Structures are given as C-alpha cells and as structure tokens.
1. I'd like the full set of residues that are touching a Leu at 6+ places or on another chain (Cβ under 6 Å) and either modelled with pLDDT under 95 or under 15 Å from THR120 (Cβ atoms) (or both), limited to region 20-46.
2. Residue pairs, Cβ under 8 Å, 6 or more apart or interchain, first in region 136-157 and free of Cβ contacts under 8 Å to residues at least 12 places away in the same chain, second in a loop (DSSP other than H, G, I, E, B) and surrounded by 11 or more Cβ atoms within 10 Å (Cβ to Cβ). List them.
3. Could you list, ordered by first residue, the pairs with Cβ atoms under 6 Å in which the first is in region 68-93 and within 19 Å of GLY17 (Cα to Cα) and the second is among the charged types (D, E, K, R), at least 6 apart or interchain?
4. Exactly one of these conditions fails for THR114: (1) modelled with pLDDT of 95 or more; (2) exposed (fewer than 12 other Cβ atoms within 10 Å of the Cβ); (3) of a type outside the set (Asp, Glu). Give me its number.
Amino acid sequence: MERIALFPGSFDPFTRGHESLVEGALRLFDKVIIAVGDNISKRGLLTIEQRVQLIKDRYANDSRIEVASYSCLTGDFARQCGAVAMIRGIRNTTDFNFERSIEATNRRLFPEITTVMLVTPDEYAHISSSIVRELLSFKYDVSEFMPEGIDINNYLK
C-alpha cells in the first residue's frame, strides 16, 4: 500500500524552505501531494494557477510528487487524496505553537490522519514566503530563496 502525505500551504511563492520539507517528507512517504490552498487572509503575489505551475515545474521529473490546488478544509482534501499524514513545517517556536493548535483540531476531526511536523533545516529557517514577497515588491533579487532553476520572474507575468 502506497503511503501518501499531503503537504498543504499557500506557497506564495514556494521557497527553498518548502523544498527542504518536501525532501524530508519523501524520506518518510512514498508519495507527497503538495496541496496549494487559497489563504484569504494573505495578500497574494501569485495566482493559484501560477503557484501550482511553479511547483510542477520544480518537480517535473519526480513521479513521487503530485501538485494540486484545493478550496475545502485541508483535512477533507487529505481524505479525498487518501493521505495518511499531513506535513507541517516548523521554523521556530512561534510556528510550533501555531501548528500545535492546528494539529489538535485536525486530530479531533480527522483522527485517521497523522500530522507530521518537520523542522526546517537551519540554513532555510529564516526564509518565509512573506519575506520573499516583500523583497520582490522592492525589486530585490530573491533567487537565493527560490529552488534551484526556478526564476520567480517567469511566473509574475
């Protein structure tokens, strides 16, 4: 039986930090579905379609990765995908406290789905999509924060 993990997020944009979490998840699961959700509380840089395309381009040669968008409750989407786990990234204690609350709610509503919290490696812990969006708004080069071979400017058109 294939063990599937869902890695949900807004991924606006998908960064090296996200990429490091996918790599960690692939060591634990047979397949990772990167699920791009629309977070209405965040001001978007890229459309959902652009985010999905960026991630698909990054993992075009990896059959263990699937990319999808969703607009329902994350746990419901995980069920629809047959996921046994949801991957959550932790950069610091603030992230942990936030993710712990989400995990408790998900465990109550979706007890068959385990939340797996992966710690972002130190070299990427300072990267966040909101920082990348801020730098881009001031025309700074963000290539060091993006996955190798991904030029964010190709998706901003």
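1. Residues satisfying the conditions are LEU21, GLY24.
2. Taking only residues 6 or more apart or on different chains, the pairs are SER143/ASP151.
3. As it stands, the answer is ARG88/GLU99, since those pairs meet every condition given.
4. For THR114, the exception is condition (2).
The values are calculated or read from the model by the stated rules, or taken from the named source; none is laboratory data. As the structure is a computational prediction, the values presented were derived from the model and not from experiment. Glycine also receives a Cβ, built like all others from the backbone with ideal geometry; neighbour counts cover every protein chain displayed.
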